[in-house]
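The values are calculated or read from the model by the stated rules, or taken from the named source; none is laboratory data. Bear in mind the structure is a predicted one, so any value in this text is a computation, not a measurement. Positions of Cβ are generated from backbone atoms using ideal geometry, with glycine treated the same way; all protein chains shown enter the neighbour counts. Side chains are part of the model used for accessible areas, which takes the heavy atoms of the whole protein and leaves out ligands, DNA and RNA. Shrake-Rupley method; radii C 1.70, N 1.55, O 1.52, S 1.80 Å.
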Amino acid sequence: VKKVLIVFRKEWYEIIRNKLIVYTILVPPILLAVLPLVMLYVMRSEPMDASDVQMYAQFAAALPWLSLEEVAMYVLLNQFILMFLMMPVIIPVTIAAFSIIGEKEQKSLEPLLATPIRVNELLAGKTLAAVVPALLTTWIAFAIFIAGAYFVASPALLRALLTPMWLLAFFIMAPLFCILSVAIGVVISSKVNDTRVA
């Protein structure tokens, strides 16, 4: 465990020094947290036209406790929640791809493998360094979105958004997506020698 944490700390130091990775970690979650709130705020004040009423009427039967305007907001926000679930796939791939290729570019992979660390400890440390920021930023962005929705959306709409299905997706599926994404990123980055190719 101690060696895994040493690799984890080393990777974190490398991540913080690389501005591209920092932007990849921070910008998408901020956009995905703020953009749906802006759209929700705008939709509250915009009247629905006849084509919108007809389109969302089919969803209203499944959500009888919501008004038609709230049904339209719910459908739109559900699309953004799916985007939130893409973050645990996109963010760690960038970090994982850089982790092995960065070692190759800095010519530090061979000396690292010569240290008294097993390959599984090395991969566990690198995986942890990619998974932790991706999950934290996903969960923080979702918390910001829910906190903002608390002030912008109606209580009924907020209850409709916080279903067990979405909580299960964020706290069970998101970590699994994240780990799978890192595993694929590590395999790819071990086969190529350029971050952009990976």
> Name the helices (runs of 4 or more DSSP H) wholly within the stretch 1-80 that hold at least 3 residues that are closer than 18 Å to Ala153 by Cβ?
Replying inline: 19-45, 50-60
>> Ala160 - would you say it is under 21 Å from the mean Cα position of the chain (by Cα) and either surrounded by 13 or more Cβ atoms within 10 Å (Cβ to Cβ) or at pLDDT 85 or above (or both)?
In response: no
>> Looking at Leu128, Leu76, can you tell me which residue is open to solvent by 30 Å² or more (accessible area, probe 1.4 Å) and touching a Phe, Trp or Tyr at 6+ places or on another chain (Cβ under 8 Å)?
In response: Leu128
> When only residues in the stretch 40-54 that are open to solvent by 70 Å² or more (accessible area, probe 1.4 Å) and touching a helix residue (DSSP H, G or I) at 6+ places or on another chain (Cβ under 8 Å) count, which is modelled with the lowest pLDDT?
Replying inline: Arg44
>> Against the definition (modelled with pLDDT of 85 or more and touching an Asp or Glu at 6+ places or on another chain (Cβ under 8 Å)), how does Ala134 come out, yes or no?
In response: no
> Within the stretch 163-183, which residues are part of a helix (DSSP H, G or I) and exposed (fewer than 15 other Cβ atoms within 10 Å of the Cβ)?
Replying inline: Pro164, Met165, Leu167, Leu168, Phe171, Ile172, Met173, Leu176, Leu180
> In the set Ile117, Ile144, Ile100, which member is in contact with a Lys or Arg (Cβ under 6 Å, 6 or more places away or on another chain) and aliphatic (A, V, I, L, M)?
Replying inline: Ile117
> Is there any pair with a first residue in the stretch 85-106 that is of a type in the set (D, E, K, R) and a second that is at pLDDT below 75 whose Cβ atoms are under 6 Å apart and which are 6 or more apart or on different chains, and what are they?
Replying inline: Glu103/Leu109; Lys104/Asn193
